[in-house]
Structure formats: C-alpha cells, structure tokens
Amino acid sequence: MKNFNTVRPQLILDEFRCKRNIQRMTQKATKLKIKLRPHFKTHQSLEVGRWFREAGIKGITVSSVDMASYFASDGWDDITIAFPFYPLQIPALCKLEKKASLRLFVNRTEDLELISKNLHRPFKVILEIDPGFGRSGIHYQNHNLIEDLIQTCDRLDNCSFYGFYTHDGRTYQSTGIDQIRSSIMPVIGILTDLKRSFPQASLLMGDTPSTSVLNDFGPIDELSPGNFVFYDWMQVQIGSCNIDDVALFCSVPVAQVIGDGSAAIVHGGAVHLSKDSLVINGNRCFGQVINYSEKIITVEANSYLSALSQEHGTVNTNQPKLFENETLWICPIHSCLTANLHDHYLTTTGKIIDKRILS
C-alpha cells in the first residue's frame with residue numbers, strides 16, 4: 001500500500017475490493033437468471049466501467065444524457081437513462097442515438113410523441129413506477145395513464161414499451177437485513193400486480209440494499225443497483241455489506257489537535273465528503289474513521305467525523321492522542337455523493353484513475 005500522508009484530501013479506491021464487489025453481484029445475477037444493468041452514476045469512470053465490461057456486463061444505467069454520452073464515448077451502446085424525460089433533452093438525445101440504443105423513462109404521452117418525432121432510430125420506453133415513496137414516476141394505481149402510455153408506444157413506429165421500473169428509497173432507511181426485506185417485499189408485490197394487468201412488461205428494480213441481501217426476487221427481470229460497486233458507511237449500517245466490502249475512502253490530514261488529543265480538526269469538509277450524515281447512538285456522524293489494510297478493514301471504534309464545514313472537519317476519537325501531520329482514513333456516509341466531488345481516484349497501489357464529476 002502506498003503512503004497517503006499527502007497535503008490535501010485524497011479519494012482512495014481499493015481496486016481489489018471494487019472488482020470483488022462487481023464479481024459478486026454479476027455472479028449473483030447470473031445464478032438467479034436476472035439481467036444486471038448496473039447504475040454507473042456511483043463511479044462515473046471509464047476505467048471502472050471497463051471492469052464491469054470484463055465481468056460480462058453489456059447494458060448500463062445512467063442518470064443523465066451527459067453521463068450517457070460520456071460512457072457511449074467508450075463503446076457502451078445499450079444505455080438506460082434512469083431519469084424522467086424532459087423536452088430540453090431532445091438535442092442531446094438526437095446526437096446520442098447515433099452511438100447507442102436508448103431506453104428512456106417517459107411519464108407523459110405528449111412527451112412520447114415529441115421523442116418519436118425527433119429521434120430517428122428505435123428506442124424503448126420504461127415507465128417508472130412510484131410505489132408510494134413519492135420520489136418520482138407514475139403512481140402504481142394510475143392504470144389509466146399507464147395504459148395510455150403503452151397504447152401510445154404501440155401506435156408510434158419507432159418506440160416500444162419495455163417494462164416497469166421502481167427505485168424505492170425506503171430500503172435506505174432500514175437498520176438490518178430483516179427491515180430491508182420487509183421494506184422491499186411490498187414493492188415487489190406492486191410490480192407483480194402490475195405484471196398481471198400488463199403481462200408484456202418486464203420488471204426492473206434498482207436499489208443496492210435489496211439487491212445485496214435478497215436471494216429471491218420473484219418475477220423481477222432486471223436489477224440496476226449502483227452503490228454496491230463501492231458501498232459506504234450507510235450501507236454498512238443498513239446491513240447491505242460489512243466494512244471489509246467497502247472500496248472507497250477519503251484520506252484526510254490532521255491539521256490541528258484539540259485539547260488532550262481526543263478531537264482534531266482535519267482538512268476534509270463538505271466539498272470533499274458531502275454533507276450526508278447518519279445518527280448513530282445519538283451522535284451525528286459525517287464519516288467513520290477506519291483502519292485500512294489490504295487484508296482486512298476494521299472500524300476505529302468511537303472515532304468519527306462529528307462536524308463538517310466547507311473545508312474543515314472535526315474528528316472525535318477514543319484514541320489517547322491524535323497527532324498533527326497524521327492522515328486519517330474516512331469511510332464516507334454516501335459514496336455516490338463523495339465520489340462525485342472528485343475528478344479522479346487514487347488507488348491503494350498509487351495509480352490515478354480519471355473520472356467525470358457532476359451529473
């Protein structure tokens with residue numbers, strides 16, 4: 001492992017653990033005979049994307065037209081844009097369709113007609129279903145709109161209805177495997193009921209907690225998780241993984257020791273880690289201090305980021321002494337947001353991997 005006592009925060013990627021996460025999920029999907037279309041918004045890197053290709057992945061999911069164009073530049077030609085279509089996307093979609101087959105989330109019949117009028121190559125339509133969480137999509141009970149959209153697909157020459165997708169964020173509020181299962185099973189039930197009414201539909205789901213812990217997905221045809229490529233402290237707390245599965249960290253220099261050394265100011269703030277937090281044992285946590293080695297990763301008990309401002313972080317610890325010029329490794333709360341704040345990864349072997357930022 002390289003020395004990471006650097007002057008500024010570094011985003012550290014463990015390539016071995018990352019590839020192990022990819023292999024584990026692809027093998028699981030293969031065993032269950034479910035298609036895996038991983039969401040690339042977490043890593044946003046051409047090189048990490050190639051690791052998925054080496055594992056046999058052919059179709060991917062992204063969250064914007066710009067992100068789709070970025071990955072299409074590296075040969076990805078089967079892309080789902082998992083974000084509701086809006087008309088301002090049209091010019092970019094017209095360019096993108098020349099490079100890739102597209103699957104689009106569409107919620108209105110007039111939008112379907114607009115896309116069909118402007119695109120020249122066939123595209124597939126996925127209806128995002130809101131199972132009651134209220135994030136986005138068509139409410140699962142709105143069968144009239146669902147039927148209108150499917151009929152519009154049938155009428156138009158260059159589009160076809162593919163299926164129903166849902167990403168139910170309630171699994172991210174779980175605190176254990178049993179809660180993950182109890183949160184997601186009603187959602188699978190909603191999709192199953194829709195399949196009875198619209199038997200031509202494929203069924204798609206996209207959250208990391210459920211895809212990580214379930215071994216039976218019922219009638220689900222496709223999975224599109226993203227966070228599993230790195231995992232994070234939130235996923236550890238949820239029960240999706242253990243700390244030794246996490247593949248992304250931020251190393252931060254200790255800048256100022258406070259008092260007896262049980263607290264310190266670090267150069268690592270919201271611009272490096274994001275402002276996501278968890279309440280654990282009554283304490284607000286913005287990131288967990290860990291002990292890293294290639295063989296095993298362990299948690300530094302009661303040592304965590306207790307506060308963040310733009311550039312500064314406050315670490316509380318049970319260690320007898322924190323020293324200036326020391327570097328701490330932080331497991332981020334939400335790796336998707338943390339990764340998005342940096343323009344490259346530094347691997348544990350010292351290699352720089354470029355990535356894009358912003359969606």
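The values are calculated or read from the model by the stated rules, or taken from the named source; none is laboratory data. Everything quoted here is computed from the prediction, not taken from an experiment. Positions of Cβ are generated from backbone atoms using ideal geometry, with glycine treated the same way; all protein chains shown enter the neighbour counts. Heavy atoms of the whole protein, side chains included, go into the accessibility calculation; ligands, DNA and RNA do not. Shrake-Rupley method; radii C 1.70, N 1.55, O 1.52, S 1.80 Å.
So what's the angle, to the nearest 10 degrees on a 0 to 90 scale, between helix 109-118 and the longest Cα principal axis of the chain?
90
Which log10 I(q)/I(0) values does segment 44-125 give at q = 0.21, 0.24, 0.25 Å⁻¹ under the Debye formula, counting every alpha carbon as one identical point scatterer?
Ignoring solvent entirely, the Cα scatterers give -0.91, -1.15, -1.23.
Taking the Cα centre of segment 146-195 as origin, work out the dipole magnitude from +1 charges on Lys and Arg Cβ and -1 charges on Asp and Glu Cβ, in debye rounded to 20.
Values: 4 positive and 7 negative charges, 49 e Å.
Using only the charged Cβ atoms, the result is roughly 240 debye.
Can you list the HN-Hα couplings for segment 279-287, worked out from phi with the Karplus curve (6.51, -1.76, 1.60; θ = phi - 60°), rounded to whole Hz and with x for Gly and Pro?
Taking θ as phi minus 60°, the curve returns 9, 10, 6, x, 10, 6, 10, 9, x Hz for segment 279-287.
Against the empirical 2.2 N^0.38 Å scaling, what ratio does the C-alpha Rg of the chain come to?
Working: Rg = 21.6 Å, N = 359, 2.2 N^0.38 = 20.6 Å.
Its radius of gyration relative to the 2.2 N^0.38 Å reference: 1.05.
Counting alpha carbon pairs within less than 8 Å and at least 6 residues apart, what relative contact order, in whole percent, applies to the chain? Before the final figure, lay out each step's value.
Numbers: 769 pairs, mean separation 72.9, N = 359.
About 20 percent, as a whole number.
By how many degrees, 0 to 90 and rounded to 10, does the Cα axis of helix 15-32 deviate from the longest principal axis of the chain?
30
With a 1.4 Å probe and every protein chain left in place, work out the accessible area per residue of the chain in Å², rounded to a whole number. Mind showing how you got there, number by number?
Working: 15510 Å² over 359 residues.
Ligands and nucleic acids excluded, the result is 43 Å² per residue.
Please compute the length gained on full extension between GLN23 and MET185, using 0.36 nm multiplied by the number of residues separating them and subtracting their Cα-Cα distance.
55.8 nm
Pop out the carbon and sulfur fraction of the accessible area of segment 44-147 as a percent, whole number, probe 1.4 Å. Please list the in-between numbers first.
Details: 2310 of 4710 Å².
Here carbon and sulfur together make up 49 percent of the probe-accessible area.
Of all the accessible heavy-atom surface of segment 186-326, with the other protein chains kept in place and a 1.4 Å probe, what percent is carbon and sulfur?
Numbers: 2670 of 5440 Å².
Carbon and sulfur together cover 49 percent of it.
Can you give me the P(r) profile for segment 94-163? Cα pairs, bins 10 angstrom wide beginning at 0, each as a whole percent.
P(r) for segment 94-163, in whole percents per bin: 21, 51, 24, 5.
Please list, ordered by chain and number, the residues whose modelled amide H lies under 5 Å from the amide H of ASP78; skip anything fewer than 5 residues away on the same chain.
Sorted by chain and number, the residues that satisfy this are ILE60, SER101.
Compute the Cα gyration tensor for segment 3-68, then decide on rounded, prolate or oblate, letting a ≥ b ≥ c be the square roots of its eigenvalues: rounded whenever a/c is under 1.5, prolate when a/b is larger than b/c in the other cases, and oblate in all that remain.
Numbers: a/c = 3.06, a/b = 1.55, b/c = 1.98.
In terms of gyration-tensor shape, oblate.
Cross-link partners among lysines for LYS124, C-alpha distance below 18 Å, same-chain residues fewer than 8 apart left out?
Within the straight-line cut-off, LYS124 pairs with LYS35, LYS58, LYS95, LYS98, LYS99, LYS195.
Can you list the aspartates and glutamates whose alpha carbon is less than 14 Å from that of LYS31, not counting same-chain residues fewer than 8 positions off?
Within the straight-line limit of under 14 Å, LYS31 reaches these aspartates and glutamates: ASP216, ASP221, GLU222.
Just to check I understand the Karplus step: with θ = phi - 60° and J = 6.51 cos²θ - 1.76 cosθ + 1.60, what whole-Hz values come out for segment 148-157, glycine and proline as x?
My calculation for segment 148-157 gives 4, 5, 5, 5, 5, 4, 5, 7, 7, 6 Hz in order.
Along the charge dipole of segment 103-256, which of GLN151, ASN107, CYS250 sits closest to the positive end, that is, farthest toward it, with unit charges on the beta carbon of Lys, Arg, Asp and Glu (+1, +1, -1, -1)?
GLN151
Name the residue from HIS120, PHE83, THR6 whose Cα lies farthest towards the positive end of the charge dipole of segment 1-130, charges +1 on Cβ of Lys and Arg and -1 on Cβ of Asp and Glu.
THR6
Two decimals is fine: what's Rg over Rh for segment 299-359, C-alpha atoms, Kirkwood radius as Rh? Provide the component values of the computation, followed by the final result.
Details: Rg = 14.1 Å, Rh = 13.9 Å.
That ratio equals 1.01.
Taking only the Cα atoms of segment 122-209, how large is their convex hull per residue, in Å³?
Details: hull volume 7.6 nm³, N = 88.
Residue-normalised Cα hull volume stands at 86 Å³.
Please turn the phi angles of segment 96-101 into ³J(HN,Hα) values with the Karplus equation 6.51 cos²θ - 1.76 cosθ + 1.60 (θ = phi - 60°), one per residue in order, whole Hz, x for glycine and proline.
5, 5, 6, 10, 8, 6
Using Cα pairs under 8 angstrom and six or more residues apart, how large is the relative contact order of segment 229-359, in percent?
Values: 286 pairs, mean separation 37.9, N = 131.
Reported as a whole number, the value is 29 percent.
Determine how many Å³ per residue the convex hull of the Cα atoms of segment 178-277 encloses. All intermediate terms of the calculation are to be shown ahead of the outcome.
Details: hull volume 13.5 nm³, N = 100.
Per residue, the Cα convex hull of segment 178-277 comes to 135 Å³.
Would you work out if segment 241-341 is rounded, prolate or oblate? Take a ≥ b ≥ c from the square roots of the eigenvalues of the alpha-carbon gyration tensor; rounded if a/c is under 1.5, else prolate when a/b is larger than b/c, oblate otherwise.
Because its axes are fairly even, with a/c under 1.5, segment 241-341 counts as rounded.
Build a GNM of the chain with springs between Cα atoms under 10 Å: which of ASN318, ASN281, ASN340 gets the top mean-square fluctuation?
ASN281
Below 24 Å, Cα to Cα, which lysines can LYS295 reach? Residues fewer than 8 away in the same chain don't count.
LYS2, LYS19, LYS28, LYS351
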